[in-house]
Amino acid sequence: MTKMRMLEGIRVLDLTNVLSGPFASLHLALLGAEVIKIENPKDGDLARKLGIVPDYNKKLMGTSFLAQNSNKKSVTLNTKSAEGKEIFKKLVKDADVVIENFRPGVMDRLGLGYKVLAELNPKLVYCAISGFGQTGPDSMKPAYDQIIQGLSGEMAVNGDERLNPLRTGFPVCDTVGGMNAAFAVMAALFHRERTGEGQFIDIALLDSIMPLMGWVAANLLIGGKQPVVMGNDNFTAAPSGTFRTQDGFINIAANKQEQWEAVCDVLGVSELKADPRFQERDTRKKNRKALTPLLEAKLATKSTAEWVVALNAADVPSGAILTLDEALRQPQVQHRDVLKTVLLEGFGDIEVFGLTALFEKTPGAVEAPPPTLGEHNREMYSALGLSEADQAALRTKGVI
């Protein structure tokens, strides 16, 4: 029996580029929505030319694009042209969702803003993603992930006294902004199920990243304590962080008193449990610089793998620090089926991420590779009643 796809029958018009918007629509596509990428006829989504493999970039299938466009359809359309606007409006009449990540006001200037589209389709859920949101003193400023990392305070709380501020090693603001947008669209669709009404959603990357720093922010907002950069140490407990072993490093998170005591027993330094510098949680945190060398002297006698087994057996959370390749290939990730293999014609098999929320009754699936530019023009435009001759004429004009 084929399992139901959660968003089957939902049509999404995706006008987004690069990362935040495509990441949002990817999750809708993995859940079964029909996501139609509306791309400019010349070279499409900028991500098509971004990636580590130059040959893929030249073919407009860059690795950055391949990472987050599975299950989608691609049509080319110049929405600046009069014909393009009319075609887009026809598509909107049968759509459930529009997602865009232009700077505020762009869609209005095109004559395709929410108010215009809602007149055509009152049930439309319209999600606008931008760096700073649709209103406010900074709303019209340009924004990339790194700019938001700096303005959000996120870079300020990373690193240590030697290296600060420090950027997160992947576009965390773009990514979490896209996830926030996908969550918001799902919530709006649920509201529509109950009321029949669509609505406008305003997503800002700056807003989206800040709640992820909730504990750090609460210490400042409620506790009045400024964040202290601590590198790989965890500010909530000690010993909790990264420690040197015989052959590398290990993460240990002894966040509870009984876990601290278990660390002492496993490492053979039970006497530290009675040391007044380390007996209580708060005093341990204050004396972590004295504690770490004592623990590392013992950790240096065995390998990371040996200590991981011993500590986990004592119910102390611990783990190796893997390279990205090791992380992607570890047995647990393979068991969870996080990566999916899909055949991309002309390129062979590629690996992409699937849906990482595992639904029992309505699982997500990677069913199609990322589309080539304009791959679905004939399918979509024929369905609108445009003949082959009509489409040829529109191609000549650069409309599609």
So, with +1 on the Cβ of K and R and -1 on the Cβ of D and E, and no other charges, what is the size of the charge dipole of the chain about its Cα centre, to the nearest 20 debye? 600
In percent, how large is the relative contact order of the range 1-74, given Cα pairs closer than 8 Å and 6 or more residues apart? 32
What is the Cα centroid distance between the range 328-378 and the range 266-322, reported in whole angstrom? 40
Taking K225, K59 and counting other beta carbon atoms within 10 angstrom, the fewest-first order is K225, K59
Checking T79, T301, T16 against a Gaussian network model of the chain (alpha-carbon springs below 10 Å), the top fluctuating residue turns out to be T301
Candidate lysines for bridging to K115, where Cα separation is under 19 Å - those fewer than 8 sequence places away on the same chain excluded: K80, K85, K89, K90, K93, K123
Count charges around G133 for me, please; just the other residues with Cβ under 10 Å from its Cβ, Lys/Arg as +1, Asp/Glu as -1. -3
By the scheme Lys and Arg +1, Asp and Glu -1, what is the net charge of all other residues having a beta-carbon under 11 Å from that of T362? +1
If you take the beta carbon distance between K58 and D349 as r and set R0 to 22 Å, what does 1/(1 + (r/R0)^6) give as a FRET efficiency, to the nearest 0.05? 0.60
Would you tally the net charge around A254, using a Cβ to Cβ cut-off of less than 11 Å, leaving A254 out, and scoring K and R as +1, D and E as -1? 0
Candidate lysines for bridging to K340, where Cα separation is under 16 Å - those fewer than 8 sequence places away on the same chain excluded: K72
Defining a contact as two alpha carbons under 8 Å apart and six or more residues distant in sequence, what relative contact order in percent does the chain show? 20
Cβ-based exposure ranking for T168, T236, in which fewest neighbours within 10 Å come first: T236, T168
If a paramagnetic tag sat 7 Å from the Cα of S303 along the Cα-Cβ line, which residues of the range 254-272 would have the backbone N under 20 Å from that point? 267
Percent relative contact order for the range 240-322, counting Cα pairs under 8 Å at least six residues apart, stands at 44
Length gained, E296-D138, 0.36 nm per residue minus C-alpha separation, equals 52.1 nm
Helix-only mean residue ellipticity at 222 nm for the chain, each DSSP H run of n ≥ 4 adding -39500 (n - 2.57), per residue, nearest 500: -10500 deg cm²/dmol
Given labels modelled 7 Å from the Cα in the Cβ direction, how far is it in nm from M230 to L328? 3.2
As a footprinting exposure proxy, order S270, S318 by other Cβ within 10 Å, with the fewest listed first. S270, S318
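Throughout, read-outs are computed from the coordinates displayed, never taken from laboratory work. None of the values given here were measured: they were computed from a predicted structure. Reconstructed Cβ throughout: ideal geometry from the backbone, glycine too, with neighbour counts over all protein chains shown.
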